[in-house]
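Read the structure below first, then the notes.
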């Protein structure tokens, strides 16, 4: 008998169809789902995160959905530890568990381990955030290029969170951010079965536009208004909320907010695909409707 435990990892861009497929996989393999979506953790963020409803979950247990409050900080390092502890419990009863989400850093934390970062000064983060809000990303990018050219060469230069985080570490520790990043992967005691989901680009973008329309119908504006006091929180520096916060601050009108919401969501999906396709052999790619091919690939990996 094979006593090996298996973690099926399903990644892909927003609106590709991860939730539906993973629910069907969980029912097929009689198991549970761990969400690696860094925004679905938060109870207060529902509409803008496309959180699976109770009906969509179809009775399948989903972990790390509505697990935290926006008032508390939660990061990829903590997620790594929490997921490993949960897997230890789940694997006592299950041979297969499913991890799914579009947050590449959180998926990588579980699969490879997180870098041990130094303590940072919250005042430095506040100051960097203020600079970003007042002057934009360019001055911060210039600062990062001087302090850590190595990390500057590889960072997503459109992602303010990553740039602020790297600068925060550089300035707090007086060491380059890259010096704290280890190159070796952590070895896990379970087998990893990595699956990527994608669709034809035009179909994916159409699904994203439809999802944004649905979110607006479901009350995204009202949700964003309620979350406005937390707008500086990391989880809210993101597509879907930022555009509406800017609208609430009078930076543009509603029709422009909706246009940017859709455009930025499509750009976000493109960045997610770039992240997951960085190493071509890391994931085996399918379209979500390729049920037989996907289950055949998993079954082959289980033997």
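The values are calculated or read from the model by the stated rules, or taken from the named source; none is laboratory data. Computed from a predicted structure; not experimentally measured. Reconstructed Cβ throughout: ideal geometry from the backbone, glycine too, with neighbour counts over all protein chains shown.
Residues that are without any contact (Cβ under 8 Å) to a residue 12 or more places away in the chain and closer than 28 Å to residue 116 by Cβ within segment 35-74 comprise just one, 72.
Tell me whether segment 9-30 contains one or more residues that are part of a loop (DSSP other than H, G, I, E, B), more than 19 Å from residue 284 (Cβ to Cβ) and either over 15 Å from the mean Cα position of the chain (by Cα) or not assigned by TED's automatic domain parsing to the domain that holds residue 293 (or both).
yes
Is it true that residue 211 is surrounded by 14 or more Cβ atoms within 10 Å (Cβ to Cβ), within 21 Å of the chain's Cα centre (by Cα) and under 30 Å from residue 282 (Cα atoms)? Yes, satisfied. Inspection of segment 181-191 finds a residue satisfying the criterion of being in contact with a strand residue (DSSP E or B) (Cβ under 6 Å, 6 or more places away or on another chain), assigned by TED's automatic domain parsing to the domain that holds residue 47 and either modelled with pLDDT of 90 or more or surrounded by 15 or more Cβ atoms within 10 Å (Cβ to Cβ) (or both).
Could you tell me which of the residues 88, 134, 127 is more than 21 Å from the chain's Cα centre (by Cα), in the same structural domain as residue 228 (by TED's automatic domain parsing), without any contact (Cβ under 8 Å) to a residue 12 or more places away in the chain and surrounded by fewer than 18 Cβ atoms within 10 Å (Cβ to Cβ)? Spell out the reasoning first.
On the way: 134 fails: in the same structural domain as residue 228 (by TED's automatic domain parsing); 127 fails: in the same structural domain as residue 228 (by TED's automatic domain parsing).
Exactly one residue qualifies, and that residue is 88.
Can you tell me how many residues in segment 245-270 are buried (at least 17 other Cβ atoms within 10 Å of the Cβ) and in contact (Cβ under 8 Å) with a residue 60 or more places away in the chain? Looking only at that region, the number is 4.
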